[in-house]
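A short worksheet on the structure shown next.
The values are calculated or read from the model by the stated rules, or taken from the named source; none is laboratory data. Here the structure is a predicted model, which is why all the values come from computation and not from measurement. Cβ placement follows ideal geometry from the backbone for every residue including glycine, while neighbour counts extend to all protein chains displayed. For the accessible areas, the whole protein counts, side chains as well, though only heavy atoms, and no ligand, DNA or RNA atoms are used. Shrake-Rupley method; radii C 1.70, N 1.55, O 1.52, S 1.80 Å.
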Amino acid sequence: MSLVINGTPILNFSPKAEKRLRFSALAVCISMIVVDHYYGNIFTTTALLLYAMFVFPAIYLNRNVQLKYFSHAQDPIIAFRIMSLLICAALVVVWTVAIIDHVLNPPVFPKEERLKELMGEHYESSQTMTQAGLFMDDSA
């Protein structure tokens, strides 16, 4: 199956539509970075970095680039661009669900009594650790 039909590829956007796609994708990326900085965790940052990695081939492998650099192998480049667009859309959905879940249901850490119960004799209270840190700083 060829992704080039009668010499014109699938997703042959006009230059104005390509410009809108670039600006909107990069605006989404910047807004995701800002929101992730304040509300994110390691999973949301991973989804954000994957989005940022796939957004550049999705927006910059346009028709002009395909003809200039990949004139003999357009089928794989068109397929890669389509998959990059789909992956970007899926990652925006995954990132949004993860951020909403993290904000609405923040992680709950056990209380000190539960830590004593779980760790047994290996448990040191935070006050003891702080005092030990002060003693270590004084001796140095």
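Which residue is nearest to A47 (Cα to Cα), if the candidates are limited to the stretch 87-97 and must be of a type in the set (V, I, T) and open to solvent by 50 Å² or more (accessible area, probe 1.4 Å)? First the steps, then the outcome.
Of the residues in the stretch 87-97, the ones of a type in the set (V, I, T) are 87, 92-94, 96-97.
Retained after the next criterion (residues that are open to solvent by 50 Å² or more (accessible area, probe 1.4 Å)): 87, 93-94, 96-97.
On the way: I87: 11, V93: 10, V94: 7, T96: 10, V97: 11 Å.
Residue satisfying both the conditions and the ranking: V94.
Can you pull out every residue in the stretch 59-86 that is surrounded by fewer than 18 Cβ atoms within 10 Å (Cβ to Cβ) and closer than 29 Å to T44 by Cβ?
Selection gives Y60, A79, F80, I82, M83, L86.
Pick from the stretch 98-113 the residues that are among the aliphatic types (A, V, I, L, M) and part of a helix (DSSP H, G or I): which of them is surrounded by the fewest Cβ atoms within 10 Å (Cβ to Cβ)? Let's see the steps before the verdict.
So the first thing to find is which residues in the stretch 98-113 are among the aliphatic types (A, V, I, L, M), and the list is 98-100, 103-104, 108.
So of that shortlist, the ones also part of a helix (DSSP H, G or I) come out as 98-100, 103-104.
Values: A98: 19, I99: 21, I100: 11, V103: 12, L104: 7.
Only one residue fits best here, namely L104.
Is there a residue in the stretch 34-56 that is hydrophobic (A, V, I, L, M, F, W, C) and more than 30 Å from N105 (Cβ to Cβ)? Quick ask: steps written out before the conclusion?
Step one: of the stretch 34-56, the residues hydrophobic (A, V, I, L, M, F, W, C) are 34-35, 42-43, 47-50, 52-56.
Adding the requirement that they be more than 30 Å from N105 (Cβ to Cβ) leaves 56.
The answer is yes, given that some residue of the stretch 34-56 is hydrophobic (A, V, I, L, M, F, W, C) and more than 30 Å from N105 (Cβ to Cβ).
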